[in-house]
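This report refers to the structure that appears directly beneath it.
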Amino acid sequence: MSVRKFLIIVGIAFWVLVLRLFHLQLIEGKKLFQLSQANSIRIQKLKGARGRIFDRNGTVLVDNTFSYDLVVYPQQIDNPDDFLKKLSSVLGIPFGDLRLRFQKEIGSSALPKALVKALDKDKAIILEELKFKLPSVAIQTNPKRYYPYGRLASHLLGYLSSIDYWRLNMWQDYGYSSQDTVGFGGIEERYDYYLKPQDGGIQLEVDNRGRIRRILGFKLPSPGKDIYLTIDARIQKIAEEALGDYTGAVVIMEPFTGEIMAMASSPNFSPFDCSYNPSILKNMLSETEAPLINRAISGVYPPGSVFKPVVAVAGLENKRIDKKTTFFCEGSLKIGNRQFGCWEKHGAQNLFWAIVHSCDVFFYKVGLSLGADKLSEYALKFGLGKATYVDLPEEKIGFVPHPLLRKKEKRQSWFEGDTANFSIGQGELLSTPLQIVRMISVFANKGKLVRPYVVKSIGNKDISSKQRKIISLPIEESILNTINQAMEAVVSSPEGTAHILNIDGLSIAGKTGTAQVSKKQPHAWFAGFFPVENPRYSICVLLEHAGSSTNACLVAKKIIERIKEESLL
């Protein structure tokens, strides 16, 4: 081909291209611009379901269902007021309310956001059918928590809410964002990282009527991991029903392993309402009864006489007393210029009967012979005043007093009267119900301080072996047997302070406590284990301001009888 012919062909091609560009830009430019504007890319988020929560037997405690959210694409809304008026007529929500929501949730954002959450299914279907009239909206299906047993184990399970600044700051390196919903309290919070799903999404090209033209990308969501607890839902239900209207807590634990069989706190709450009704949650946060607090691990109380078995161990180990040591109780003991009372005149008391009768005078004298340093040492040895490291958030450690600690922190002196109060579980000594059930378990398992835990497996992986941490306390078995015989008589003897708890065909050992509180009714305690010959469960009942320990014994009796009746022993 000659150069001339080649230049002619190139010239013709050039002018064809120029004419085509002229046609597209000047003649059809407006039409094509409108068509390009009518098509857009949407990212539709696909939320994964959180992991489910089961009890030890596979009973579902927390499941998932679905809800429908109305998602708005702000960049496609030309006139917000006209758009919201159309929505108002379809949804039956006042225009003013929708406008406030739009201004608060959407504002100047260009990102798609939920304007109305938890839509009625029928309205969600209507909106889907009206897509051509409302192309700037979409219906997004979201997993939603479902609680088959309502309020059961609410403190153990926790609830969901939008992530707060503190959690976001702590967890953002683990893939959390400001749009996430996370767990608050209980298992939902402590194991949120495992329960949390991995969200997916669809990248869509849609036309000006919101119709899908093609799918540009797709990623499936991944559900969170399922969690199996040590809790037995049947025993949990029994414990909560027995607590009734009392304010307090019940903890039932397997004494050799630390597996929590039930943990009840009253008053309780609805995890569903707290998760999906912000106004209810806000009201609960300001209630004086503090229903969101798990009193089993976050409530701290003077233990009263349930502390006496620890004092007995200290007295026997340090040779301050033996089984035959006898003190005379006249109903009070003068220490300094003050009379320290006992709840009754018991007469001559050895260790056995002092535990059976819960004689304060006997333990005043044991405590005074030991001194405050030894009392502090043994309280700490039995796990008081420090974390149990249960796998739940917000555990309180209580307080074990010490003369040097008081001098350092309060610049106050320690007196013998303080030692006397300490020896009967009063004064500054504070503990949680979980610490007390752990303490009493040392007597049930013959000298082991176990770590309580509530999660057995995550996904398909059993983590029980990692959860179990057991410390052997060097206590002679004969000492533990001596105290256990007395604690069994606390229930079985007609003179025992927990005799009302005596149940035919079942041996129970335990200790009562009536802990005095300034200007209010005492707290009522019972802590024990059963069956004595082969302990299956340790139990602690704490009732706030319930008066006599008899009330705690009655709650414990209801629980133990039903456990026996339902063949759960």
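Just a few scattered comments:
- Contact map, segment 85-97: residues that are closer than 15 Å to Lys117 by Cα paired with residues that are aromatic (Phe, Trp, Tyr), Cβ distance under 6 Å, separation 6+ or inter-chain. Pairs shown: Ser88/Phe95.
- The sole residue among Tyr378, Tyr389 that is of a type in the set (Phe, Trp, Tyr), out of contact with any Lys or Arg (no Cβ under 9 Å at 6 or more places or on another chain) and closer than 30 Å to Ser465 by Cα is Tyr378.
- Val300 touching a residue at least 60 places away in the same chain (Cβ under 8 Å), crowded, with 21+ Cβ neighbours inside 10 Å and not assigned by TED's automatic domain parsing to the domain that holds Gly158: no
- Taking segment 125-162 as the range and being assigned to a loop (DSSP other than H, G, I, E, B), of a type outside the set (Gly, Ala, Ser), surrounded by 14 or more Cβ atoms within 10 Å (Cβ to Cβ) and modelled with pLDDT under 90 as the test, the residues that pass are Leu130, Lys131, Leu134, Pro135.
- Residue match in segment 550-561 (condition: hydroxyl-bearing (Ser, Thr, Tyr), at pLDDT 95 or above, buried (at least 24 other Cβ atoms within 10 Å of the Cβ) and assigned by TED's automatic domain parsing to the domain that holds Val437): no
- Yes/no for Phe415 being more than 28 Å from Phe184 (Cβ to Cβ), surrounded by 21 or more Cβ atoms within 10 Å (Cβ to Cβ) and either touching a strand residue (DSSP E or B) at 6+ places or on another chain (Cβ under 8 Å) or outside the structural domain of Gly158 (by TED's automatic domain parsing) (or both): no
- No other residue among Phe382, Phe363, Phe327 is modelled with pLDDT of 95 or more, in the same structural domain as Gly258 (by TED's automatic domain parsing) and touching a Phe, Trp or Tyr at 6+ places or on another chain (Cβ under 8 Å) apart from Phe327.
- Residue within segment 316-329 that is touching a helix residue (DSSP H, G or I) at 6+ places or on another chain (Cβ under 8 Å), part of a helix (DSSP H, G or I) and not charged (D, E, K, R) present: yes
- Subset of segment 404-426 that is assigned to a helix (DSSP H, G or I) and at pLDDT 95 or above - its residue that is farthest from the chain's Cα centre (by Cα): Glu416
- Enumerated strands (runs of 3 or more DSSP E) restricted to segment 185-246, each holding at least 2 residues that are modelled with pLDDT of 95 or more: 227-229
- Checking every residue in segment 238-246 against the condition of being surrounded by fewer than 19 Cβ atoms within 10 Å (Cβ to Cβ) and either of a type in the set (Ser, Thr, Tyr) or in the same structural domain as Leu46 (by TED's automatic domain parsing) (or both) gives zero matches.
- Residue count for segment 375-401 under the criterion of being touching an Asp or Glu at 6+ places or on another chain (Cβ under 9 Å), surrounded by 18 or more Cβ atoms within 10 Å (Cβ to Cβ) and aliphatic (A, V, I, L, M): the result is 2.
- Matching entry among Leu501, Leu480, Leu506 (being surrounded by 19 or more Cβ atoms within 10 Å (Cβ to Cβ) and farther than 28 Å from Leu380 by Cβ): Leu501
- Ile436 vs. criteria under 26 Å from Arg295 (Cβ atoms), of a type in the set (A, V, I, L, M), part of a helix (DSSP H, G or I) and touching a residue at least 60 places away in the same chain (Cβ under 8 Å): yes
The values are calculated or read from the model by the stated rules, or taken from the named source; none is laboratory data. Note that this is a predicted model, so its numbers are computed, not measured. Every residue, glycine as well, gets a Cβ built from its backbone with ideal geometry; the counts of neighbours run over all protein chains shown.
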